[in-house]
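Please treat every number below as a calculation from the coordinates, not as lab data. Quick caveat, the model's predicted, so the values are computed rather than measured. Please note: Cβ atoms are built from the backbone with ideal geometry, for glycine as well, and neighbour counts cover all protein chains shown.
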Amino acid sequence: MPSKKYELPESEITPKSVFLNRRKFMMGAAVAGVGLAAAAGVDRLVSPGTRVLAGTKLPATPNPNYGKGLKPTSYQDVTHYNNFYEFGTSKSDPSENAWRLKTEPWTVEVEGLVHKKKTFDIDQLMKLRPLEDRVYRFRCVEAWSMVIPWVGYSLSELIKACDPLSTARYVQFISVDRPNQEPGIMSVNIPWPYSEGLRMDEAMHPLTLLTLGLYGEALPNQSGAPVRVIVPWKYGFKSAKSIVKIRFVKNQPPTTWNLIAPNEYGFYSNVNPNVDHTPWSQARERVIGAPIWKQLQPTQMFNGYADEVAGLYKGMNLNTYY
Ligand SMILES: Nc1nc2c(c(=O)[nH]1)N[C@H]1C(S)=C(S)[C@@H](COP(=O)(O)O)O[C@H]1N2
Ligand SMILES: [Mo]
């Protein structure tokens with residue numbers, strides 16, 4: 001019996017193939033790519049980072065409200081084509097280097113304008129709310145996209161548990177900053193620690209996911225272990241990895257890419273085919289791992305989540321608030 005690691009009795013541990021079949025059953029999703037992912041299980045041994053906490057099966061329940069008709073990108077691509085500048089700027093750097101990050105013990109401090117300032121360890125976060133499997137589109141501002149089966153629950157649950165003051169209008173997320181474990185921090189010249197932020201209503205939106213896993217397992221290091229945020233209607237850089245602080249604030253917080261290039265990367269950074277960010281047009285996206293004739297797809301407004309989130313921006317000019 002595992003001592004903590006979410007106290008799954010052996011009989012309830014779901015092999016990846018079962019996880020995938022269950023999803024197929026739930027949503028009638030196509031499985032071609034998914035079968036490949038299951039077969040690629042051996043590749044996980046390539047990245048030492050995926051062996052720390054990753055691989056721990058999580059007792060998550062599929063949430064059929066998300067991901068209908070989407071086919072997950074292979075586990076191999078999801079975990080070997082990454083952006084995580086703390087480990088270097090190339091797509092393979094995170095899977096090669098992120099094993100250096102010590103993800104246990106880990107705490108997330110909730111601070112700022114809240115009634116209940118709290119420090120959560122990962123075990124507490126795992127148990128705060130029931131874990132869900134949610135399949136989301138994921139869109140990077142570099143004009144590529146994936147479909148990723150995340151594990152977590154709505155960030156709103158954590159926010160409610162901390163009871164923010166009415167003066168808290170924004171939430172800031174701060175990533176871990178350990179030069180001795182994250183080689184990119186010394187070699188990549190951007191303002192560390194990585195910082196991101198959301199308006200309170202965006203953070204409270206049910207789609208915004210406090211993310212602890214993917215493909216039914218605890219997050220591999222290169223994917224932002226042990227905990228990150230996923231905001232599926234925004235460009236990928238809004239989804240901060242390996243977070244150690246959640247801070248409630250009055251004013252719009254500084255965010256990494258906005259500090260680096262404010263003309264290109266706005267605070268909102270909602271996926272929008274009509275607003276370009278040089279050097280990339282955002283009108284189309286390259287679907288990672290798709291067959292060649294389906295690789296180039298039109299970008300969808302709010303990454304396909306317009307029905308859910310367009311109301312958050314009613315009356316705002318999205319060319320100004322990019
Ligand atoms: N701390 C931190 N978070 C980060 C980044 C980063 O460099 N550091 N990169 C962002 C970008 S640009 C993208 S596209 C996504 C990539 O997430 P993935 O590698 O899990 O697909 O993480 C985002 N979160
Ligand atoms: Mo990105």
Sorted by chain and number, the residues with a modelled amide H under 5 Å from that of Lys118, at a separation of 5 or more or across chains, are Val110
Cα convex hull of the range 76-174 - mean projected area over all directions, nm²: 7.8
What is the P(r) of the range 279-322, as percent of Cα-Cα pairs per 10 Å bin from 0? 22, 43, 26, 9
Based on other C-beta atoms within 10 Å, arrange Thr208, Thr255 from fewest to most. Thr255, Thr208
Rounded to the nearest angstrom and ordered from largest down, what semi-axes does the equivalent ellipsoid of the range 206-322 get from its C-alpha gyration tensor (root of 5λ)? 23, 22, 15
Ordered by fewest other Cβ atoms within 10 Å, a rough proxy for footprinting exposure, Met204, Met186 read Met186, Met204
Dipole in debye (nearest 20) - the range 10-309, about Cα centre, beta carbon charges: Lys, Arg +1; Asp, Glu -1: 360
Cβ density ranking, 10 Å radius, fewest first, applied to Ser154, Ser145, Ser281 yields Ser281, Ser154, Ser145
Three-way shape label, the range 10-309, alpha-carbon gyration tensor, a/c 1.5: rounded
Long-range amide H contacts for His277: which residues qualify at under 5 Å (H placed 1.01 Å from N, peptide plane, sequence gap of 5 or more or a different chain)? Gln282
Per the Kirkwood definition applied to all pairs of different Cα atoms, how many angstroms is the hydrodynamic radius of the range 132-268? 15.4
Neighbour-limited loop hits for trypsin sites (Lys or Arg not before Pro), the range 170-279 (at most 12 other Cβ within 10 Å; DSSP other than H, G, I, E, B): Lys250
